[in-house]
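Colleague: What follows is a single structure, and I will ask about it in a moment.
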Amino acid sequence: MEPLKRIAREVIKKCHIFELCEDTVERPDGKTEQYDFIKHKGAAAVVPVTADGKILMVKQYRNALDRFTLEIPAGGRNSVDEPTIVCAARELEEETGYKSDHLEQLLSIRTTVAFCNELIDIYVATDLVKTKQHLDEGEYVDVYEYEIEELVKMVSDFTIQDAKTVAAIMTYYTKYSLKK
């Protein structure tokens, strides 16, 4: 298969967490097509595991869905140069009120490859130390603890639908819980 060639990218709008672009792409037959593209600076997420093996989850309002969702803690990088492990550690403490010096990368996901380049690196945090939440202005987050089996059931019954959270829960379960 011959590759397509991007010949132009126009930034239509710069938003807080992404840029909306219009790409002009040349096909192998010489014709051009327009593609919508969202340029994202990337993000990090974390599966926080308590000393007794429970997973900390956050419940927060998501405007795009007009409802509250249950998710793993996550957030965008401050810049494209910020290491995702630094972002994950920051978001862990901001959203849950816990910190950890023990973060191990679990997986990386591309959230919506058809129109966005967002990459989320997901970590497992252990040896949690209680601090306090440092929520952003206007951010309201409740923290809950769950057994991994409860979370797997919530994925299976469609209670949890957030892609990064589904991927993280199922990967964590496969990697750590099925070995027991």
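The values are calculated or read from the model by the stated rules, or taken from the named source; none is laboratory data. Keep in mind it's a predicted model, so treat the numbers as computed, not measured. Quick reminder, even Gly has a Cβ in these numbers, built from the backbone with ideal geometry, and neighbours come from all protein chains shown. Quick note on the areas: whole protein, heavy atoms, side chains included, nothing else; ligands and nucleic acids left out. Shrake-Rupley method; radii C 1.70, N 1.55, O 1.52, S 1.80 Å.
Colleague: Taking the Cβ of residue 134 as the center, what net charge do the other residues with Cβ under 12 Å away carry, scoring Lys and Arg +1 and Asp and Glu -1?
Modeller: Numbers: positive: 90, 99, 132; negative: 91, 93, 94, 95, 136, 137, 139.
That sum, taken over residues with Cβ under 12 Å, equals -4.
Colleague: Rank these by accessible area, largest first, 1.4 Å probe: 94, 33. Intermediate values should be presented prior to the final figure.
Modeller: Details: 94 30, 33 65 Å².
Highest to lowest solvent-accessible surface, that is 33, 94.
Colleague: Dipole of the chain, Cα-centred, from +1 at each Lys and Arg C-beta and -1 at each Asp and Glu C-beta, to the nearest 20 debye? Each step should come with its number before you reach the end.
Modeller: Numbers: 24 positive and 33 negative charges, 58 e Å.
Here the size comes out at about 280 debye.
Colleague: Residues of the range 1-23 with the amide nitrogen closer than 20 Å to a label point 7 Å from the Cα of residue 38, along Cα-to-Cβ, please.
Modeller: Hits in the range 1-23 for residue 38 at 20 Å: 9-23.
Colleague: Additional query: With a 1.4 Å probe and all protein chains left in place, how much of the accessible area of the chain comes from carbon and sulfur atoms, in whole percent? Let's see the in-between values first.
Modeller: On the way: 5650 of 10850 Å².
Carbon and sulfur atoms account for 52 percent of the accessible area of the chain.
Colleague: Would you work out if the range 1-42 is rounded, prolate or oblate? Take a ≥ b ≥ c from the square roots of the eigenvalues of the alpha-carbon gyration tensor; rounded if a/c is under 1.5, else prolate when a/b is larger than b/c, oblate otherwise.
Modeller: Verdict is prolate for the range 1-42.
Colleague: Here's something else I'd like to know. Can you tell me what the convex hull of the Cα atoms of the range 21-165 projects to on average, as an area in nm²?
Modeller: Details: hull surface 43.2 nm².
In nm², the orientation-averaged hull projection of the range 21-165 is 10.8.
Colleague: Another one. Once Lys and Arg get +1 and Asp and Glu get -1 on their Cβ, which of 78, 156, 97 lies farthest toward the positive end of the dipole of the range 44-164?
Modeller: 156
Colleague: Please give the Cα centre distance for the range 100-120 versus the range 1-27, rounded to the nearest Å.
Modeller: Measuring centre to centre over Cα atoms gives 21 Å.
Colleague: Go ahead and set up a Gaussian network model of the chain, Cα springs under 10 Å, then flag whichever of 73, 48, 83 fluctuates most.
Modeller: 83
Colleague: Quick one: which residues, 5 or more positions from residue 107 or on another chain, have an amide H under 5 Å from its amide H? H modelled 1.01 Å from N in the peptide plane, none for Pro or chain starts.
Modeller: Amide H to amide H, under 5 Å and 5 or more residues apart or across chains, residue 107 pairs with 122.
Colleague: Still on this model: In the range 1-114, what is the count of Lys pairs whose alpha carbons are under 20 Å apart, counting only pairs at least 8 residues apart or on separate chains?
Modeller: Values: 5/31; 5/39; 13/39; 13/41; 14/39; 14/41; 54/99; 59/99.
The result is 8.
Colleague: Which net charge results when you count Lys and Arg as +1 and Asp and Glu as -1 among the other residues whose beta-carbon is under 15 Å from that of residue 21? Can you show the working numbers first?
Modeller: Values: positive: 6, 9, 13, 14, 39, 41; negative: 10, 19, 22, 23, 33, 36, 118.
My count for the surroundings of residue 21 gives -1.
Colleague: Additional query: With +1 on each Lys and Arg Cβ and -1 on each Asp and Glu Cβ, and nothing else charged, work out how big the dipole of the range 108-148 is about its Cα centre, in Debye to the nearest 20.
Modeller: Values: 3 positive and 9 negative charges, 27 e Å.
Roughly 140 debye for the range 108-148.
Colleague: Here is a further query. Show me, for the range 59-73, the HN-Hα J-couplings you get by feeding each phi into the Karplus relation (A = 6.51, B = -1.76, C = 1.60, θ = phi - 60°), rounded to Hz, glycine and proline as x.
Modeller: 10, 8, 6, 10, 4, 4, 9, 6, 6, 7, 10, 9, 9, 7, x
Colleague: Stokes-Einstein at 4 °C, 1.567 mPa s, Kirkwood radius from Cα pairs: D for the range 1-102 in µm² s⁻¹? Write out the running numbers ahead of the final one.
Modeller: Details: Rh = 16.6 Å.
The estimated diffusion coefficient comes to 78 µm²/s.
Colleague: Residues of the chain: accessible area per residue at 1.4 Å, in Å²? Don't skip to the end; give the middle numbers.
Modeller: Details: 10850 Å² over 180 residues.
For the chain, the solvent-accessible area averages 60 Å² per residue.
Colleague: Sticking with this structure for a sec: Accessible surface of residue 174 in the full protein assembly, 1.4 angstrom probe, to the nearest 10 Å²?
Modeller: So the heavy atoms of residue 174 present about 80 Å² to solvent.
Colleague: Classify the range 63-141 as rounded, prolate or oblate, taking a ≥ b ≥ c as the square roots of the eigenvalues of its Cα gyration tensor: rounded when a/c is under 1.5, otherwise prolate if a/b is larger than b/c and oblate if not. Can you show the working numbers first?
Modeller: On the way: a/c = 1.79, a/b = 1.18, b/c = 1.52.
Because a/c hits 1.5 or more and a/b fails to exceed b/c, the range 63-141 counts as oblate.
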